[in-house]
Amino acid sequence: MTSTSTAHIELHPDQMVVEPGRDDSGALRAPDGGWGWACVAGRFFVVALVLGLVSGFGIVYVEIIDHFDTTRVETAWMSSLHSATYCITGLVGGGVLERFGCRAMTVAASILTSAGFIFSLFAQNLVLLCVLYGVLTGAGVSLMYTASTVIVLQYFDKRRGLAMSISSLGEGVGMLVLPPLTYLLIETYSWRGAFLVTAGITLNAAVFGLLFRPPPYLSKVSQNNTQRRKQDMLQSFKHLLHKKLFFLFALGSFLVHAGYTVPLINLIDLVDLKDIDKSQSAMLIPVMGISTIFSLVLFGWVSDLPGVNRTGLHAGSIAVMAVSVMLVPALDSIEAFFVFAAVYGVFMGTWHMGQAVIVTEIVGVELTGVAFGVHTLHAGVGMFVSSLLAGWLFDITGNYVWSFYVSGGLYLLGCIVTLLVLIARHLATRNKHRRDNAPSAEVHPLSQS
């Protein structure tokens, strides 16, 4: 039943969200709750799985080097192809979301990721393993993460930071649980058996993906606009091209991601090369996970406070990550590495949460799907570069010193670009405020002097 008011639409009783209409600028306004909290719960599990799999690769990386007796730069192609597929699929994913929605995409991506692990365990050489693991699981993980993030952003506006922080707690849980589980599975069943069990775990994401019902207000817009339904993806890309500030932010994200995989993938190998017990080094990623949980609870609440600049908080987090990563080569005890893992995890959680929130602030909720897909492209390309760069630098120098220095340097460049975004947004807001408060100009004849 539809009311006569143009600002309010009454929905069927089984829909928990009421059409919120538009804000003063004419942009669509998210409902800030309702079924959105179910989507938050679903994203919690999906991101736990996604980031847990990525962070646990450092353990698999060491095992693959030993099993196939390969160099580190050769083995790094597993992660690089994973990242390359991640970025390509992320770009396509924005359009797929416009067409099929977050629910269908998450279910399909879960099945694809699981298939990637199953096929990979039959690989008899590194080349085939790189292709199967890199392409199939990379595509699945990218689509799952994109869909789960976009659905939460579409449901929340004023409480967007809180919703993202709660759902992002899954990142910390994933880093806490999956790397030790991966280590245990490898020790018990070998890496092939670990892949088989992981394939079964991955399928559970499809169950949680069923929670991702589209917000009724977006569904209503799509139903009432036949032209947009036919050309939605193309039009969204065209509109996004006018958002220059978004592409500047995406450049900063690319630079950070270009150094991102170094501490996640190479930290355990670095500690092992320093003759520190392998079972102790496997606990470094879980420590990052615990500190990430802490940071998401704290900064998720802080980011929604009046007067808090999320872009500034984002840039500060990148700066701390940069400094901590560049100090890693000088560490020489397991206690020092645990301190690094804790500090890095705190600010990594803040950085992770900030990306999606800031993207939505820049482009608006209507372009969130395609914008996050393009953002994922930049991130994936950065991770592709990062994975190959670390392995290549190790094979040249024989150590990870330059890998971590370059990683930290890329973080600093990303921080500088993010600060440029902060300055540009501040100037745009100030200029808009001046225009809104400027007295209306009256036309007078020119006086003769």
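The values are calculated or read from the model by the stated rules, or taken from the named source; none is laboratory data. Computed from a predicted structure; not experimentally measured. We place every Cβ from the backbone using ideal geometry, glycine too, and count neighbours over all the protein chains shown. The area values use the complete protein model at the heavy-atom level, side chains included, leaving out ligands, DNA and RNA. Shrake-Rupley method; radii C 1.70, N 1.55, O 1.52, S 1.80 Å.
Any idea what angle helix 72-120 forms with the longest principal axis of the chain, computed on alpha-carbon atoms, 0 to 90 degrees, nearest 10?
It works out to around 30 degrees.
Could you tell me what a quarter of the Cα convex hull surface of the chain works out to, in nm² with one decimal place?
Numbers: hull surface 105.1 nm².
Reported value for the Cα convex hull: 26.3 nm².
Could you point to the residue in Ser110, Val417, Ser55 farthest towards the positive end of the chain's charge dipole, with +1 and -1 charges on the Cβ of Lys/Arg and Asp/Glu respectively?
Towards the positive end, the residue furthest out is Val417.
Whole percent per 10 Å bin, from 0 to the bin with the longest distance: what is P(r) over all C-alpha pairs of segment 234-358?
P(r) for segment 234-358, in whole percents per bin: 12, 38, 28, 15, 5, 1.
Under the classification rounded if a/c is under 1.5, otherwise prolate if a/b is larger than b/c and oblate if not, where does segment 297-385 fall, given a ≥ b ≥ c as square roots of the Cα gyration tensor eigenvalues?
oblate
Would segment 346-401 count as rounded, prolate or oblate if I go by the C-alpha gyration tensor, calling it rounded below 1.5 in a/c and otherwise prolate when a/b exceeds b/c, oblate otherwise?
oblate
Enter the angle in degrees (range 0 to 90, nearest 10) between the Cα long axis of helix 138-155 and the first principal axis of the Cα atoms of the chain, meaning the one along which they spread out most.
So the inclination is approximately 30 degrees.
Can you compute the FRET efficiency between Ala428 and Val308 using 1/(1 + (r/R0)^6), with r the Cβ-Cβ distance and R0 = 22 Å? Round to the nearest 0.05.
It comes to 0.75.
Over what distance in Å are the Cα centres of segment 95-150 and segment 249-312 separated?
After rounding, the separation between the Cα centres reads 23 Å.
What's the Cα-based Rg to Rh of segment 315-449, Rh via Kirkwood? If you can, show how the numbers build up before the last one.
Numbers: Rg = 22.4 Å, Rh = 18.4 Å.
In segment 315-449, Rg relative to Rh is 1.22.
Taking GluC sites (Glu not before Pro) as exposed when DSSP calls them loop (any state but H, G, I, E, B) and at most 14 other Cβ atoms lie within 10 Å, what is the longest stretch of the chain free of them, the sites themselves excluded?
Answer - 11-441.
Calculate what fraction, in whole %, of the accessible area of segment 266-364 sits on carbon and sulfur atoms when a 1.4 Å probe is rolled over the protein chains.
Answer for segment 266-364: carbon and sulfur cover 71 percent of the accessible area.
Going by a ≥ b ≥ c, the root eigenvalues of the Cα gyration tensor, does segment 96-205 fall in the rounded group (a/c under 1.5), the prolate group (a/b larger than b/c) or the oblate group?
oblate
In nm, give the distance between the simple-model label positions of Ile111 and Asp32, each being 7 Å from the Cα along the Cα-to-Cβ direction.
That separation, rounded to one decimal, is 3.9 nm.
Do you know the relative contact order of the chain, to the nearest whole percent, from alpha carbon pairs under 8 angstrom that are 6+ apart?
Dividing the mean separation by the residue count of the chain yields 25 percent.
Let me know the charge dipole size of the chain about its Cα centre in debye, to the nearest 20, where only the beta-carbon of Lys, Arg (+1) and Asp, Glu (-1) is charged.
Roughly 1520 debye for the chain.
Between helix 57-68 and the chain, what is the angle of the helix's C-alpha long axis to the longest principal axis, kept within 0 to 90° and rounded to the nearest 10?
Between the helix axis and the principal axis of the chain, the angle is about 40 degrees.
Charges on Cβ only, +1 for Lys and Arg, -1 for Asp and Glu, centred on the Cα centroid of the chain; of Leu132, Phe246, Ala194, which one is farthest towards the dipole's positive end?
Phe246
Using a 1.4 Å probe, what is the accessible area per residue for the chain, in Å²?
So the chain comes to 43 Å² accessible per residue, rounded to a whole number.
Can you give the calculated 222 nm mean residue ellipticity of the chain, where each DSSP H run of n ≥ 4 adds -39,500 (n - 2.57) and the sum is split over every residue, rounded to the nearest 500 deg cm²/dmol?
After summing the helix terms and dividing by the residues of the chain, the value is -27000 deg cm²/dmol.
Rg over Rh of segment 147-217, using C-alpha atoms and the Kirkwood radius, what does it come to?
1.12
Tell me which of Val357, Leu264, Gly289 sits at the most positive position along the dipole axis of segment 262-404, charges placed on C-beta atoms (Lys, Arg +1; Asp, Glu -1).
Going by the charge dipole, the pick is Val357.
Restricting to lysine pairs 8 or more places apart or on different chains, what number in the chain have Cα atoms under 30 Å apart?
Lysine pairs, 8 or more places apart or on different chains, close enough: 15.
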